[in-house]
Each structure stands twice: as C-alpha cells, then as structure tokens.
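Take this structure first; my questions come after.
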Amino acid sequence: MLRIAAAGDIHCSPERRAELEKSFADLDGQADLFLLAGDLTTRGEPEEAAVLADICRDLRAPVFAVLGNHDWHANRHDELVGVLEDAGVKVLERSWTVCELDGTRVGIVGTKGCIGGFPDSELPDFGGPLLREVYAETSAEVQALERGLGEVGDCPLRIVLLHYSPTTTTLEGEPRVIWAFLGSDRLARPIADYRPDLVLHGHGHAGQFEGFIGAVPVYNVSVPVIGRDFWVFEMGEAGKRGS
C-alpha cells in the first residue's frame with residue numbers, strides 16, 4: 001500500500017512556518033508522496049513560497065503541487081514557481097508526470113482548474129470578450145486534463161490533482177450562489193471518460209470531504225474541510241482508504 005499525504009489551502013506565510021514545519025515533519029518518512037491541491041501561499045508572494053520551499057527541501061518523499069487562486073494574486077507566478085521548484089517541489093500546470101513509488105508507477109495529472117459553474121448556473125461561451133476569455137481559460141484546463149489522463153493511461157495508479165472542484169458533490173455546504181466561482185463541471189468530462197483512481201481538489205473551505213464523478217472518488221482536501229494538516233490515503237491493488 002502506498003501512503004499519499006494530501007492537503008489543499010495550506011496558505012503558507014512566515015507566520016505559519018513553525019506550524020507547517022511540524023505538519024510535514026510528522027509525516028516525513030511515513031508518507032510515500034505529498035500532494036498539495038493549491039493555495040500554497042497566502043497572497044502569492046515569493047517570500048511566502050520560500051517558507052514552503054524551505055520545509056520541503058529535505059523531505060524524503062517527493063512533493064507535487066498545483067497552484068490556486070491565492071498563488072496568482074500577486075501576479076508573480078514565475079518567481080513563485082521558481083522558488084518552489086528550486087527546492088524540489090514539482091509544480092504541475094496543465095501537465096502530468098509519472099513517478100515510481102515502491103515499484104508502482106503512479107501517474108499524476110495536475111492543473112489549477114477554473115471557475116465556470118455547474119448545471120443551471122454555467123458561464124456560456126457568449127457575450128463580452130472578458131467573459132469569453134474565462135470560458136476559453138476553462139477550455140484550456142479541460143484539454144490539458146484530458147491530454148494528461150491519456151498520457152498516464154498505462155499507469156497502475158492514476159491521480160488527478162486540482163485546486164477548483166470538478167463536481168458539486170464536494171461543494172454541498174457552500175452557499176449555492178458562489179458555486180460558479182468554486183469550479184466547473186466541464187472538468188468532470190475527462191475524469192468520467194478516463195476514470196482515474198483518485199481526484200483531489202481544494203478551494204471550497206465549507207464543502208464536503210467526499211464526492212463522486214460517476215464511480216470515480218473525488219475528495220476535497222482543503223484543510224478547513226479535512227480538519228487536520230493532511231489526509232493520508234492508502235492506495236494499492238486492494239483498494240483505497242484514508243486516515
């Protein structure tokens with residue numbers, strides 16, 4: 001069984017350094033893999049990313065992450081990603097990777113996702129240029145997700161890592177008037193088609209932990225939802241469970 005530690009919305013900052021150092025240290029050597037589902041920082045400043053970089057630099061397990069809306073806030077994307085990747089954190093942006101853990105090839109497809117809404121409240125590809133740009137942004141995320149899932153199709157374990165939600169099943173508890181800003185069910189189509197083993201996301205701080213797209217399990221691992229520093233998924237041929 002592989003032990004995968006997942007969390008979203010950790011919101012690193014210098015003030016949270018000691019707390020986060022302990023969170024990661026408690027699992028270092030026990031988890032085979034760390035997956036971070038976006039909002040790695042508080043306001044997207046490279047100095048905040050440096051806190052996470054320092055914590056992850058000497059971890060024994062690999063760390064993969066996607067960005068969230070907070071990580072884009074300061075519009076210093078290249079600096080922020082550079083700081084993280086210099087420390088060995090692999091940031092997935094409309095991309096995919098395969099890593100071998102204990103003899104098992106694990107395919108990870110990662111992208112931020114986007115807003116756009118869900119049935120009865122969806123942004124259409126119509127209207128002003130700015131609205132159509134948002135629609136096009138979501139389209140690019142969907143295409144990247146589909147492409148990545150195709151590339152990792154032969155891996156025994158396949159994981160999708162997002163920030164925004166691809167389903168309303170993990171948003172129950174959030175005010176419905178903001179669901180359109182918490183994700184898009186357009187992201188669900190490639191997940192339903194390729195049926196990965198596990199889908200993780202964050203962003204919805206008041207949603208539900210567990211949901212589904214068809215038979216595919218989807219988990220909202222936002223720290224406010226899981227109520228702990230990390231949720232550890234145990235995955236293997238016999239199935240999956242978390243603790």
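Could you tell me how many of the residues in the range 150-191 are open to solvent by less than 20 Å² (accessible area, probe 1.4 Å), assigned to a helix (DSSP H, G or I) and within 17 Å of Ala37 (Cβ to Cβ)?
Matching residues across the range 150-191 total 4.
In addition: Hey, could you check the range 4-26 for residues that are under 15 Å from Val221 (Cα atoms) and touching a Ser or Thr at 6+ places or on another chain (Cβ under 9 Å) and say which is most open to solvent (accessible area, probe 1.4 Å)?
His11
Filter the range 102-111 down to the residues that are under 19 Å from the mean Cα position of the chain (by Cα) and either surrounded by fewer than 24 Cβ atoms within 10 Å (Cβ to Cβ) or of a type in the set (A, V, I, L, M) (or both) and list them by number.
Selection gives Val106, Gly107, Ile108, Val109.
Which pairs have Cβ atoms under 6 Å, sit 6 or more apart or on different chains, and link a residue in the range 1-12 that is more than 11 Å from Leu35 (Cβ to Cβ) to one that is buried (at least 23 other Cβ atoms within 10 Å of the Cβ) and of a type in the set (S, T, N, Q)?
Matching pairs, first to second residue: Asp9/Ser222; Cys12/Thr41.
From the residues in the range 192-201 that are open to solvent by less than 60 Å² (accessible area, probe 1.4 Å) and out of contact with any helix residue (DSSP H, G or I) (no Cβ under 8 Å at 6 or more places or on another chain), which one is nearest to Asp154 (Cα to Cα)?
The extreme case among them is Asp197.
Please enumerate the residues belonging to the range 33-43 that are open to solvent by less than 10 Å² (accessible area, probe 1.4 Å) and under 18 Å from His205 (Cα atoms).
Residues satisfying the conditions are Leu35, Leu36, Ala37, Gly38, Asp39, Leu40, Thr41.
Residues to consider are Leu162, Leu182; find the one that is under 15 Å from the mean Cα position of the chain (by Cα), of a type in the set (A, V, I, L, M) and under 22 Å from Cys99 (Cβ atoms).
Leu162
Same structure, new question: Cβ contacts < 7 Å: first residue more than 15 Å from Met1 (Cα to Cα), restricted to the range 99-121; second residue in a loop (DSSP other than H, G, I, E, B) and among the β-branched types (Val, Ile, Thr), any location; separation 6+ or different chain. Result?
Final answer for the pair search is Gly107/Val152; Val109/Val152.
Taking the options Ala65, Ala49, Ala61, name whichever one is assigned to a strand (DSSP E or B), crowded, with 16+ Cβ neighbours inside 10 Å and at pLDDT 95 or above.
Ala65
Among the listed residues Glu141, Glu137, which satisfies the condition of being under 23 Å from Asp71 (Cα atoms), in a helix (DSSP H, G or I), open to solvent by less than 20 Å² (accessible area, probe 1.4 Å) and not aliphatic (A, V, I, L, M)?
None of the others qualify; the one that does is Glu141.
In the list Ala238, Ala215, which residue meets the criterion of being open to solvent by 50 Å² or more (accessible area, probe 1.4 Å), of a type in the set (A, V, I, L, M) and modelled with pLDDT of 95 or more?
Going through Ala238, Ala215 in turn, just one is open to solvent by 50 Å² or more (accessible area, probe 1.4 Å), of a type in the set (A, V, I, L, M) and modelled with pLDDT of 95 or more: Ala215.
Test Ser121 against the stated conditions and say whether it is in contact with a Gly (Cβ under 8 Å, 6 or more places away or on another chain), of a type in the set (Gly, Ala, Ser) and within 22 Å of Tyr135 (Cα to Cα).
no
Just checking, does the range 89-101 include any residue being open to solvent by 30 Å² or more (accessible area, probe 1.4 Å), more than 20 Å from His163 (Cα to Cα) and in a strand (DSSP E or B)?
Yes, the range 89-101 has at least one match.
The values are calculated or read from the model by the stated rules, or taken from the named source; none is laboratory data. These numbers were taken from a predicted model, which means no experiment stands behind them. Quick reminder, even Gly has a Cβ in these numbers, built from the backbone with ideal geometry, and neighbours come from all protein chains shown. Calculation scope for accessible area: heavy atoms of the full protein, side chains included, ligands and nucleic acids excluded. Shrake-Rupley method; radii C 1.70, N 1.55, O 1.52, S 1.80 Å.
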